[in-house]
């Protein structure tokens, strides 16, 4: 086995060991604290609700561990096992152009991977979510969603990938910069059209009918200088009982969206506090900062790919005999997560910093105790664990752990 192949296997093993170790820490921490509700939540959350959250967390972790093993084995089959090389050889034998061949290989792999992952998706939706009372999706709705997602992939992703492959075939040494600009432009376009063209394909969005609540929200948006083309309620309850709220879109195409399940749970002043938190992200330019950070990461990643694409050892070490632009893109996409996992704590730290800033803003627009009451209801209704392992959370959670977040807000009450 070549040196690079050995390094790849070692990176895969280290990634697997790290993720399993973190999952075991989370499982043990949740189990250890299952018998008692943390003091900060004891008045709002019952022991039964706390234990439901613990069991829900453990059930998801158990499936995730199986997926980790399964995904690692599958990655070895695709690479050193010759799966990618076999598919590439087969499709090349059909005699199409390089771009068409690349599209067939890429989307063929995506299709096979989706079929292989389907049992896990079905189990999570119709077993775990069903067992804990969250799933409201029917089999027919599941099939509709899957077909619509496939159609969107064909309409949006196929032209994008074809354009990327065409740019990668260009002899220009700066092809990776052109690909970077293309990806950024595509991302901005999708963000702009998402509220009015993409999201309505999956959900129904109705204008908020509660006049008093709409008046409160409009006043809040005016104070924050947030221009929106509407306040909408999404029928999230047709798939799940989980609740949420968000704003989406760019420029004048922004929308405020509430899940109908969230409005069923929260009082008007709590809804206002949750929205104030979301508007805090707007006031602190978190979306813009996130776009800039992602742009930098994408540019660095493409620069690395531009170097790797010229290295024959890169292909051979991962089981591919014929070097090509599309195969370099596939291999890079499969291998990079083994190394980028070590950046997750940094990304989580930055995300949590933004969440604290948004909470601070919401405390100024509302009252911290109102936001706390809203968050606790969401923790309870979504069965979020109140006792996460700090290290696991540092890798996996974009939001501060419940005890830390509530303590941060509680310090502002005075």
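The values are calculated or read from the model by the stated rules, or taken from the named source; none is laboratory data. Model, not experiment: these values are computed from the prediction. Reconstructed Cβ throughout: ideal geometry from the backbone, glycine too, with neighbour counts over all protein chains shown.
What the table shows:
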quantity: Residue tally, condition over 20 Å from the mean Cα position of the chain (by Cα) and assigned to a loop (DSSP other than H, G, I, E, B), over segment 360-388; calculated: 4
quantity: Evaluation of residue 299 against (1) within 25 Å of residue 379 (Cα to Cα); (2) surrounded by fewer than 18 Cβ atoms within 10 Å (Cβ to Cβ); (3) at pLDDT 90 or above; (4) in contact with a helix residue (DSSP H, G or I) (Cβ under 7 Å, 6 or more places away or on another chain) (one fails), failing number; calculated: (1)
quantity: Residue 357 at pLDDT 95 or above and either assigned to a helix (DSSP H, G or I) or farther than 21 Å from residue 38 by Cβ (or both); calculated: yes
quantity: Criterion violated by residue 142 - all others in (1) surrounded by 13 or more Cβ atoms within 10 Å (Cβ to Cβ); (2) over 30 Å from residue 288 (Cα atoms); (3) in contact with a strand residue (DSSP E or B) (Cβ under 9 Å, 6 or more places away or on another chain) satisfied; calculated: (3)
quantity: Boolean, residue 79 is out of contact with any helix residue (DSSP H, G or I) (no Cβ under 8 Å at 6 or more places or on another chain) and either buried (at least 18 other Cβ atoms within 10 Å of the Cβ) or free of Cβ contacts under 8 Å to residues at least 40 places away in the same chain (or both); calculated: no
quantity: Contacts under 7 angstrom Cβ, first residue in segment 335-362 being on the phi < 0 side of the Ramachandran plot and without any contact (Cβ under 8 Å) to a residue 60 or more places away in the chain, partner in a helix (DSSP H, G or I) and surrounded by 16 or more Cβ atoms within 10 Å (Cβ to Cβ), 6 or more apart; calculated: 336/301; 344/395; 345/394; 345/395; 348/394; 348/395; 356/408
quantity: Set 322, 277: member being at pLDDT below 95 and surrounded by fewer than 20 Cβ atoms within 10 Å (Cβ to Cβ); calculated: 322
quantity: Qualifying positions in segment 309-326 - in contact with a helix residue (DSSP H, G or I) (Cβ under 6 Å, 6 or more places away or on another chain) and more than 20 Å from residue 83 (Cβ to Cβ); calculated: 309
quantity: Residue among 131, 136 that alone is exposed (fewer than 13 other Cβ atoms within 10 Å of the Cβ) and in contact (Cβ under 8 Å) with a residue 60 or more places away in the chain; calculated: 131
quantity: Evaluation of residue 243 against (1) surrounded by 19 or more Cβ atoms within 10 Å (Cβ to Cβ); (2) modelled with pLDDT of 90 or more; (3) under 19 Å from the mean Cα position of the chain (by Cα) (one fails), failing number; calculated: (2)
quantity: Residue 193 vs. criteria closer than 25 Å to residue 382 by Cβ and part of a helix (DSSP H, G or I); calculated: no
quantity: Single residue of 391, 409 found to be part of a helix (DSSP H, G or I), in contact with a helix residue (DSSP H, G or I) (Cβ under 8 Å, 6 or more places away or on another chain) and crowded, with 17+ Cβ neighbours inside 10 Å; calculated: 409
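Matching residues to (1) loosely packed, with under 15 Cβ neighbours inside 10 Å; (2) within 30 Å of residue 188 (Cβ to Cβ); (3) within 23 Å of the chain's Cα centre (by Cα):
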{"residue": "94", "(1), (2), (3)": "yes, no, no"}
{"residue": "107", "(1), (2), (3)": "no, yes, yes"}
{"residue": "111", "(1), (2), (3)": "yes, yes, yes"}
{"residue": "121", "(1), (2), (3)": "yes, yes, yes"}
{"residue": "125", "(1), (2), (3)": "no, no, yes"}
{"residue": "154", "(1), (2), (3)": "yes, yes, yes"}
{"residue": "158", "(1), (2), (3)": "yes, yes, yes"}
